[in-house]
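Chemist: Submitted below is the structure of interest, expressed as structure tokens.
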Amino acid sequence: MSVTALSEDTVDFGDVPDNINALLQQGVAIHSSDPARARAFFRTAIEVAPDVLPSYRCLFKLQNKLRDFDSAFETAVTALARAADQAALPRTWTGWSLADVSAAPAAPRRFLLQFLKAVAFIELRRDNQDASAKALAKLQELDPEDGAGGSVIAALLAHGDGA
């Protein structure tokens with residue numbers, strides 16, 4: 001895989017290993033002009049370090065942009081399971097409580113909410129309104145302050161703006 005020079009406009013992925021950050025920055029830099037290569041960078045990041053959560057977010061956002069909703073859903077569900085593992089929660093989100101999520105370390109907690117929002121959004125894009133509504137209801141229960149932005153999904157669901 002050839003390396004593209006990075007510009008000053010880099011994304012702050014937080015505390016990730018330098019080699020993974022480089023892969024993610026490469027993918028972000030070319031995601032519009034060469035989505036296939038960007039996807040390869042993101043997948044490589046996941047293969048090299050499967051517990052680095054920002055890699056999944058990059059991949060499912062690209063898959064969603066490319067309207068590859070089934071792959072985006074699969075990536076988001078895998079990401080959610082990884083975040084749950086890091087938060088010491090069951091992989092099945094339906095049983096999570098606000099207390100469970102609040103007790104999780106900050107980094108996986110943030111990703112739990114972001115990835116659950118992604119599941120709700122992608123299910124809506126896949127025309128699965130019921131599944132989207134269930135994920136959204138759980139997100140709203142776990143994030144009553146709407147820090148993850150579940151209200152955006154709620155508005156889309158209310159207007160039937162999925163696909």
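Chemist: Helix by helix through the chain, keep the DSSP H runs that span 24 Å or more along the axis on Cα and average at least 0.0 on Kyte-Doolittle, and give those back in order.
Modeler: Those that clear 24 Å and a mean of 0.0 are 69-86, 106-125.
Chemist: Suppose every K and R has +1 on its Cβ and every D and E has -1 on its Cβ; what is the size of the dipole of region 22-78 about the Cα centre, in Debye to the nearest 20?
Modeler: 200
Chemist: Quick one: among Glu123, Glu145, Glu74, which has the greatest mean-square fluctuation in a GNM of the chain with alpha-carbon springs under 10 angstrom?
Modeler: Glu145
Chemist: So, with +1 on the Cβ of K and R and -1 on the Cβ of D and E, and no other charges, what is the size of the charge dipole of region 104-163 about its Cα centre, to the nearest 20 debye?
Modeler: 220
Chemist: Let me ask another. State to the nearest 20 debye the size of the charge dipole of region 43-163 about its Cα centre, where the only charges are +1 on K and R beta carbons and -1 on D and E beta carbons.
Modeler: The calculated dipole for region 43-163 is roughly 260 debye.
Chemist: According to the square roots a ≥ b ≥ c of the eigenvalues of the Cα gyration tensor, what is the shape class of region 34-95, taking rounded for a/c under 1.5, prolate for a/b larger than b/c otherwise, and oblate for the remainder?
Modeler: Note, shape of region 34-95 comes out oblate.
Chemist: Give, as a single signed number, the net charge of other residues whose beta carbon lies under 11 Å from the beta carbon of Ser151, with Lys and Arg counted +1 and Asp and Glu -1.
Modeler: -2
Chemist: Using just the helices of the chain, give the 222 nm mean residue ellipticity in deg cm²/dmol: DSSP H runs with n ≥ 4 each add -39,500 (n - 2.57), and the total is spread over all residues, rounded to 500.
Modeler: Estimated from H runs of four or more residues: -21000 deg cm²/dmol.
Chemist: Follow-up question, since we're still on this one. To the nearest Å, what is the center-to-center distance of region 68-96 and region 117-163, using C-alpha atoms only?
Modeler: About 15 Å separates the Cα centre of region 68-96 from the one of region 117-163.
Chemist: Also: Over the chain, what relative contact order in percent results from Cα pairs under 8 Å that are six or more residues apart?
Modeler: The normalised contact order for the chain reaches 14 percent.
Chemist: Let me ask something additional. With Cα extents along the principal axes in Å as the read-out, I listed (1) 55, 34, 25; (2) 38, 34, 33; (3) 43, 35, 25; which label goes with the value calculated from this structure?
Modeler: Checking each listed value against the structure points to (3).
Chemist: Please arrange Ile20, Ile46 by how many other C-beta atoms lie within 10 Å of their C-beta, fewest to most.
Modeler: The most exposed by this proxy come first: Ile20, Ile46.
Chemist: Any idea which of Ile46, Asn21, Pro35 is furthest toward the positive side of the dipole for region 12-54, if Lys and Arg beta-carbons carry +1 and Asp and Glu beta-carbons -1?
Modeler: Checked the options; the winner is Pro35.
Bear in mind that the values in this text are calculations on the coordinates, not laboratory data. Only a predicted model underlies this, so the values are computations on that prediction, with no experimental measurement involved. Quick reminder, even Gly has a Cβ in these numbers, built from the backbone with ideal geometry, and neighbours come from all protein chains shown.
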